[in-house]
Amino acid sequence: MSKQSVAPPTSVVQPPAGPPADPVAAPEPAPARRTLDPDTLAEIHRLHGGYLLRALLRNTGGDRGKAEDILQETLLRAWQHPEALAAGPEHSRPWLFTVARRIAIDHYRMAAARAQEAIGEPVEDRPLAEDPYEQVVVARDIALALRRVQKHHREVLVELHLKDRSVLEAAAQLGVPPGTVKSRNFYAVRAMRPVLAAEHGYAPVTS
């Protein structure tokens, strides 16, 4: 007679100590994303809103409704990205103008796409006809930085770069030789670069 086979004993898994886990417990909520505080946002609007709106009005052909929409979207981005404005409200204009420009381009492209759908013909995908944002912010920041350079340098910069005069015209206006205008312009620009980089967020130009 053959021996009856006996199955090996099965191991018993002991439950873990402590209360049983709840299989339907909700996951912990994700931490809320940090946003810009209302007072800082209001200060940004006070300092830069007018400049942004004027540039946007030029860019949208005087369409105030569209310009204000883009301005509101720009401020919304600022509210959502406080890390981009860590240097403080007074130094945020270059970032704001860059964001406004991108939003304006997006609006243009959406309008172009809708026009293409309506007429059934391709619309040229090109940048905005005017791009005044950099011109506005650079002109204002240069005006502030001009206060930091010597008077004879400031006069040359104003004549050449703000009044858009030639070297000969600036020389006649200032009563100095053209060579002096060129020399003063060279040293004035070199003096302005670190000021613009440190105080207004412009990358220094290296050669």
Could you grab the pairs with beta carbons closer than 6 Å, sequence gap of 6+ or different chains, first residue in region 44-67 and more than 16 Å from TRP79 (Cα to Cα), second one crowded, with 16+ Cβ neighbours inside 10 Å and among the basic types (Lys, Arg)?
THR60/LYS66
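Counting residues that are at pLDDT below 75, under 30 Å from GLY61 (Cβ atoms) and open to solvent by 50 Å² or more (accessible area, probe 1.4 Å), which helices (runs of 4 or more DSSP H) fully inside region 95-207 reach at least 3? Outline the logic, then answer.
Values: elements: 132-145, 151-157, 167-174, 178-200.
Filter on region 95-207 gives 132-145.
Matching residues to (1) acidic (Asp, Glu); (2) surrounded by 15 or more Cβ atoms within 10 Å (Cβ to Cβ); (3) modelled with pLDDT of 85 or more:
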residue: GLN4; (1), (2), (3): no, no, no
residue: GLN14; (1), (2), (3): no, no, no
residue: ALA17; (1), (2), (3): no, no, no
residue: VAL24; (1), (2), (3): no, no, no
residue: PRO31; (1), (2), (3): no, no, no
residue: TYR51; (1), (2), (3): no, yes, yes
residue: ASN59; (1), (2), (3): no, yes, no
residue: ALA67; (1), (2), (3): no, yes, yes
residue: PRO82; (1), (2), (3): no, yes, yes
List the residue pairs whose Cβ atoms are under 8 Å apart, where the first residue sits in region 69-88 and is among the aromatic types (Phe, Trp, Tyr), the second is in a loop (DSSP other than H, G, I, E, B), and the two are 6 or more positions apart or on different chains.
TRP79/THR35; TRP79/LEU36
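The values are calculated or read from the model by the stated rules, or taken from the named source; none is laboratory data. Keep in mind that what you see is a predicted model, and the values were worked out from it rather than measured. Cβ: placed from backbone, ideal geometry, glycine included. Neighbour counts: every protein chain shown. Just so you know, the surface numbers come from the protein's heavy atoms only, side chains and all, with ligands and any DNA or RNA stripped out. Shrake-Rupley method; radii C 1.70, N 1.55, O 1.52, S 1.80 Å.
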